[in-house]
Each structure stands twice: as C-alpha cells, then as structure tokens.
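Comments concern the structure below.
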C-alpha cells in the first residue's frame with residue numbers, strides 16, 4: 001500500500017481471504033489502522049462525488065458518489081470492538097476497502113459509459129508517459 005502511494009488495502013486484494021483491511025486513519029500523520037470484521041452500520045444522507053483510484057486498477061480514476069459520513073464498527077488488532085463515525089476521506093477509504101471485501105469495486109459504482117471514458121483517458125495518459133520516457 002505505502003510503496004504504491006495507496007491509502008488502503010483489503011486482504012483479498014493480496015489473495016488473503018479474510019475480512020480485514022488496512023487504511024490510513026490520518027494521512028498527514030501516516031497513521032494506519034487495521035479493521036477486522038468491519039461493518040457499515042449507518043450511512044449519511046449527503047453524498048459527494050470524488051475521484052477514486054485503486055491499487056488493483058493502476059492509473060484508472062473515476063468519479064464515484066458515496067456518502068460523506070458513515071458510522072462503522074470493526075475490531076482492531078487487539079480484538080477490541082471499535083464503533084465510530086467517519087467523515088470525508090476516512091469515510092471514503094473505509095467504504096472503498098469494504099466494497100472489496102463484499103466482492104465489488106469502484107468500477108461497478110459508475111455507468112459503463114463513464115468507466116469506458118476513464119479507461120480511454122488512462123490509456124492515453126499511459127501512452128503519453130511512455131512516449132515522454134523514450135524521448
């Protein structure tokens with residue numbers, strides 16, 4: 001996760017079939033938490049549209065609408081049950097990683113048209129960066 005400039009990583013992305021993921025609880029301080037058996041208890045009504053990327057889809061960025069706030073429950077690495085409300089980026093990361101555990105990903109949260117446009121953009125950027133590297 002850290003080596004690829006990621007902000008979260010679900011165990012199943014690494015081939016570990018357990019209900020756990022790690023994420024930054026504070027990106028500025030580089031604090032990482034592990035969330036075992038996570039649950040989303042409640043979702044806020046206000047949704048925001050923000051670009052999301054994923055370590056499983058390098059270079060692909062798609063605007064995804066998600067709740068701004070969520071109430072969650074998970075166990076920490078000591079088995080202690082934690083219940084808290086998450087806002088903004090923390091909320092977004094939790095929801096994104098939770099989706100992985102549920103067998104879905106951010107590409108399934110947008111229309112096929114938007115996804116295809118994003119894929120073309122990513123391919124164009126990759127081609128452009130390969131061209132500039134060879135020049």
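The values are calculated or read from the model by the stated rules, or taken from the named source; none is laboratory data. Bear in mind the structure is a predicted one, so any value in this text is a computation, not a measurement. Reconstructed Cβ throughout: ideal geometry from the backbone, glycine too, with neighbour counts over all protein chains shown.
Residue selection: residue 92 satisfies the criterion of being assigned to a helix (DSSP H, G or I), modelled with pLDDT of 95 or more and closer than 28 Å to residue 126 by Cβ.
Being surrounded by fewer than 11 Cβ atoms within 10 Å (Cβ to Cβ), assigned to a strand (DSSP E or B) and at pLDDT 95 or above is a description that does not apply to residue 86.
Residues of the range 19-49 that are surrounded by fewer than 12 Cβ atoms within 10 Å (Cβ to Cβ) and either over 17 Å from residue 71 (Cβ atoms) or in contact with a helix residue (DSSP H, G or I) (Cβ under 9 Å, 6 or more places away or on another chain) (or both): 26, 28, 29, 30, 31, 49.
In the range 9-82, counting only strands (runs of 3 or more DSSP E) that sit wholly within it, the ones holding 2 or more residues that are in contact (Cβ under 8 Å) with a residue 60 or more places away in the chain and either within 30 Å of residue 124 (Cα to Cα) or touching a strand residue (DSSP E or B) at 6+ places or on another chain (Cβ under 9 Å) (or both) span 20-26, 31-43, 57-67.
Going through (1) modelled with pLDDT under 95; (2) part of a helix (DSSP H, G or I); (3) in contact with a strand residue (DSSP E or B) (Cβ under 7 Å, 6 or more places away or on another chain) one by one, residue 130 falls short only on (3).
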